[in-house]
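Take a look at the structure below.
Throughout, read-outs are computed from the coordinates displayed, never taken from laboratory work. Here the structure is a predicted model, which means the values were calculated and not measured. FYI the Cβ positions are ideal-geometry reconstructions off the backbone, even for glycines, and counts take in every protein chain you see.
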Amino acid sequence: MRTVIAGGHGQIALKLERLLADRGDRPAGIIRRPEQAQDLVDAGAEPLLLDLESATAPQLAALLADTDAVVFAAGAGPGSGAARKITVDRDAAVLLADAAELAGVRRYLMVSSMGADAAAHYPADQVFETYLRAKGAADDAIRARTSLEWTVLRPGQLTDGPGGGLVRLAPSVGRGTVDRADVAAVLAALLHEPGTAGQTLELIAGNATITEAVAVAAGHDG
């Protein structure tokens, strides 16, 4: 299974690439800078050089030949301003959907954020408000694509622990934290579970194994 990950040098993406490579899949990651390539190679992934903020859908589609699934894990990052929340967190996600449609790739996983909403109101932090709105608008755009087998994953506050492998995964789970390692492991499981297509799922640390949580989300709870 070939999976192309937008934002391929991000923390979650690198962990996901290692998981996919270890199980025999063929991960590839889209990066903006050539010096990031070796980190992907070390993770077992193919580096694909393209700037998602300036690329066209046909240019991106050309990288998606022989691809089974795409994952949008890109983000402008905490130090960026409001403008890049729009160009990366919203526009690049839509660009990936456009390219996937052109290339005939149906499976699309969207790494969003808990609280994402195109009408989010957060007056205490205008940049964060723009981020939530950009993510929410991207989610809405992806969910409107009938040609895509999409799953939107909305993690809670991200932490850098080793990953406990125990999560809560459901349309609504309440506020909480989750290790990036567990987000990557959930994404890896979702890629091989088509029963979760068409769902928006929140994710925090919990009491169910990732296998159990994804099976329940897919309706295989018996």
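Quick notes on this one:
- Dipole magnitude for the chain: computed about the Cα centre from +1 point charges on Lys and Arg Cβ and -1 point charges on Asp and Glu Cβ, it is near 220 debye.
- A Gaussian network model of the chain, with springs between Cα atoms under 10 Å, assigns the largest mean-square fluctuation among V41, V94, V111 to V41.
- GNM on the chain, alpha-carbon springs under 10 angstrom: the most fluctuating residue among A43, A83, A170 is A83.
- Cα gyration tensor category, rounded, prolate or oblate, for the stretch 1-129 with a/c compared to 1.5: prolate
- Take the Cα of D22, step 7 Å toward its Cβ, do the same at L102, and the gap between the two points is 3.5 nm.
- Working from label points 7 Å from Cα in the Cα-to-Cβ sense, the V127 to A65 distance is 4.0 nm.
- With a simple spin-label model that places each label point 7 Å from the Cα along the Cα-to-Cβ direction, the separation between Q11 and H192 comes to 2.6 nm.
- Selection from P27, T200, A181, by position along the positive dipole direction of the chain (Cβ): T200
- Rounded to the nearest Hz, the phi-derived 3J(HN,Hα) couplings of the stretch 60-65 under the Karplus curve 6.51 cos²θ - 1.76 cosθ + 1.60 (θ = phi - 60°) are 5, 4, 5, 7, 9, 4, where x marks glycine and proline.
- Averaged over residues, the count of other Cβ atoms within 10 Å places the peptides 177-187, 196-206 in the sequence 177-187, 196-206, highest first.
- Backbone phi angles across the stretch 30-35, fed through the Karplus curve with coefficients 6.51, -1.76 and 1.60 (θ = phi - 60°), yield HN-Hα couplings of 8, 10, 9, 10, x, 5 Hz in residue order; Gly and Pro are listed as x.
- Neighbourhood charge, 13 Å Cβ-Cβ cut-off, centred on T67 and excluding it, Lys, Arg +1 and Asp, Glu -1: -1
- Computed extension length for T211-T56: 52.1 nm, one decimal, from 0.36 nm per residue of separation with the Cα-Cα distance subtracted.
- Cα-based shape type of the chain, given that a ≥ b ≥ c are square roots of the gyration tensor eigenvalues and the cut on a/c is 1.5: rounded
- Gaussian network model of the chain, Cα within-10 Å springs - most flexible of A208, A99, A138: A208
- Length added when fully stretched, D140-L49, from 0.36 nm per residue minus Cα-Cα: 30.0 nm
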